[in-house]
Amino acid sequence: MQKEWMEKQLLAKQSAEYCPIAGHSAKQTKLKWTGSIIEWVELIYTLYLVRRINGGKITLKELFIQMGTFFDFEVKEFANYFMNIKSRKDGNRTKFMDVLKNTLLEYMSEFDRKSSRK
């Protein structure tokens, strides 16, 4: 049992030190969430609800912890923030999701315009 734990710790350390996607040390490219708490909560809830992380086999709390560790951002009372999102009075309960969608659509349109000019 002790040996397994030590092997997992070593593997976790090695994984944290080298990021194969970026091709260099993760320490050099630490990611930090720079959006608002409300945007973060909206994003994490959405990821949780679409069940695309671990095939949906993760608790909401664990997803907040794991993503918070990855993006150096901690939100402890996420349920309270969710209630604020849920009770938005302006008729737009998914402000950040709408920003994400619109930004991607605008990028695609711009890409299409540039491609058609060539």
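What pairs come out if I take residues in the range 82-93 that are charged (D, E, K, R) and pair them with residues that are outside any helix (DSSP H, G or I) whose C-beta lies under 8 Å away, six or more apart or interchain?
So the pair list comes out as K86/R93.
One line per residue, one yes/no per condition, for (1) at pLDDT 95 or above; (2) over 16 Å from the mean Cα position of the chain (by Cα); (3) in a helix (DSSP H, G or I):
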{"residue": "L10", "(1), (2), (3)": "no, yes, yes"}
{"residue": "V41", "(1), (2), (3)": "yes, no, yes"}
{"residue": "D72", "(1), (2), (3)": "yes, no, no"}
{"residue": "F96", "(1), (2), (3)": "yes, no, yes"}
{"residue": "V99", "(1), (2), (3)": "yes, no, yes"}
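For the list (1) at pLDDT 95 or above; (2) part of a helix (DSSP H, G or I); (3) over 11 Å from the mean Cα position of the chain (by Cα), I need the number of the one condition that I58 fails.
For I58, the failing item is (2).
Confirm whether I65 is assigned to a helix (DSSP H, G or I), within 15 Å of the chain's Cα centre (by Cα) and surrounded by 10 or more Cβ atoms within 10 Å (Cβ to Cβ).
yes
Would you check if D112 is over 12 Å from the mean Cα position of the chain (by Cα) and either modelled with pLDDT under 95 or in a loop (DSSP other than H, G, I, E, B) (or both)?
Yes, satisfied.
Test each condition in (1) part of a helix (DSSP H, G or I); (2) surrounded by 10 or more Cβ atoms within 10 Å (Cβ to Cβ) for R88 and report the one that comes out false.
Going through (1) part of a helix (DSSP H, G or I); (2) surrounded by 10 or more Cβ atoms within 10 Å (Cβ to Cβ) one by one, R88 breaks only (1).
The values are calculated or read from the model by the stated rules, or taken from the named source; none is laboratory data. Since we're looking at a predicted model, the values are computed, not measured. Virtual Cβ from ideal backbone geometry, glycine too; neighbours counted across all protein chains shown.
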